[in-house]
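Note sheet for the following structure.
All of the numbers you see were taken from the coordinates with simple rules; none came from a lab. Please read all numbers here as calculations on a predicted model, not as lab measurements. Cβ coordinates were reconstructed from backbone atoms using ideal geometry, including for glycine residues, and neighbour counts include every protein chain displayed.
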Amino acid sequence: MSSETKVAIITGGGAGIGKACALRFAREGFGVVIADISAEDGQRTRELIQSEGGQAIFLGGDVSQEADCQAWAQAALDTWGGIDVLVANAGVQTPGHLFEASDEDWERTIGVNLKGVALSCKTVLPAMIEQGSGALVLISSVNALLGVGGGRMLIYDASKAGVLALTRSLAIAHGQDGIRVNSICPGVTVTEFHEQRAAERGQTPEELRAGLKGHALLGKPAEPHQIASAVYFMASEDASHITGQYLVVDGGLTVMSHPL
Ligand SMILES: NC(=O)c1ccc[n+]([C@@H]2O[C@H](COP(=O)([O-])OP(=O)(O)OC[C@H]3O[C@@H](n4cnc5c(N)ncnc54)[C@H](O)[C@@H]3O)[C@@H](O)[C@H]2O)c1
């Protein structure tokens with residue numbers, strides 16, 4: 001433990017899975033840095049945590065920019081004196097076949113999903129090395145493991161497979177420093193983003209979920225808090241001998257013979 005209050009930085013903590021992680025860590029007593037490109041979502045999550053009596057700060061920034069990642073790490077150190085956990089969650093999706101992918105699509109998707117994950121790790125590692133402990137939880141996807149969507153998510157798929165390679169390399173490099181590095185591979189998870197898109201189609205959240213009935217072995221998609229539970233486990237003392245691994249949280253999707 002780095003200080004009285006344990007500290008977690010959550011990139012993309014303003015919405016979706018990241019917001020669920022921010023809420024979970026705050027409810028477990030962590031001081032939480034919500035690091036997000038959206039000030040509106042980030043502030044809203046901060047207010048929600050504070051309304052529950054939790055401790056959180058919000059800082060804007062872009063995870064693909066090292067200076068922004070550095071500012072998030074510094075804010076954690078200035079506020080609470082240490083960094084115990086990084087949840088490298090911020091991610092973007094760029095659908096499209098290889099022939100349709102622009103240079104900008106490559107740069108943005110790899111920049112956020114892969115380089116951004118690496119930079120957010122790079123900027124928290126010095127504090128973790130100094131204190132001799134820390135847990136990095138990197139958010140990958142079942143898309144790192146399965147061919148899905150007719151090959152129309154290839155940049156995203158490649159970025160998420162890269163996150164698993166980063167996980168292994170960082171686990172090897174920093175095991176001796178007392179730092180554990182693991183990934184979570186979520187399957188389909190219904191977030192506010194999906195609910196908003198459904199609303200634009202005239203669908204209620206209930207209708208959206210009804211449309212996904214029968215998904216995977218458990219018959220439904222995940223809710224963000226279920227992914228946050230797995231993230232929290234990987235960061236916690238309960239996972240104290242686990243490093244370099246990925247945990248698939250997909251309702252059984254990846255063990256089905258014809259999942260999609
Ligand atoms: N929802 C799913 O079904 C699903 C499945 C598998 C993996 N994932 C992964 O989980 C993670 C979270 O997904 P989600 O569905 O909650 O996404 P989301 O779009 O609901 O939320 C992503 C958050 O990241 C922030 N963000 C985006 N780009 C950023 C940047 N450059 N810098 C800082 N913050 C940035 C956004 O503002 C937003 O708050 C992503 O890495 C995604 O690839 C999601």
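So the values come out like this:
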| read-out | value |
| --- | --- |
| Overall form of segment 184-223 per C-alpha gyration tensor (a/c, 1.5; a/b vs b/c) | oblate |
| Quarter of the Cα convex hull surface for segment 109-167, i.e. its orientation-mean projected area (nm²) | 4.0 |
| Rg over Rh [alpha-carbon atoms, Kirkwood Rh] for the chain | 0.96 |
| Cα-Cα over 30 Å, subset of K115/K213; K19/K213; K115/K220; K19/K115; K6/K213 | K115/K213; K115/K220; K6/K213 |
| CD proxy at 222 nm, helix term only [per DSSP H run n ≥ 4: -39500 (n - 2.57); per residue of the chain; nearest 500] | -13500 deg cm²/dmol |
| Segment 156-177 versus segment 41-72: alpha-carbon centroid distance in Å | 24 |
| Relative exposure of D157, D177, judged by other C-beta atoms within 10 Å (fewest first) | D177, D157 |
| Tilt relative to the chain, helix 39-51 - C-alpha long axis, 0 to 90 degrees, to 10 | 60 |
| Of S229, A35, W106, farthest towards positive along the dipole that unit charges on Lys, Arg, Asp, Glu beta carbons give the chain | S229 |
| Shape box of segment 16-150 [Cα atoms, principal axes, largest first, Å] | 48, 33, 26 |
| Global geometry of segment 171-246, whether rounded, prolate or oblate, following the gyration tensor of its Cα atoms and the 1.5 cut on a/c | prolate |
| Partners for K122 among lysines (Cα-Cα distance below 19 Å; same-chain residues under 8 apart left out) | K160 |
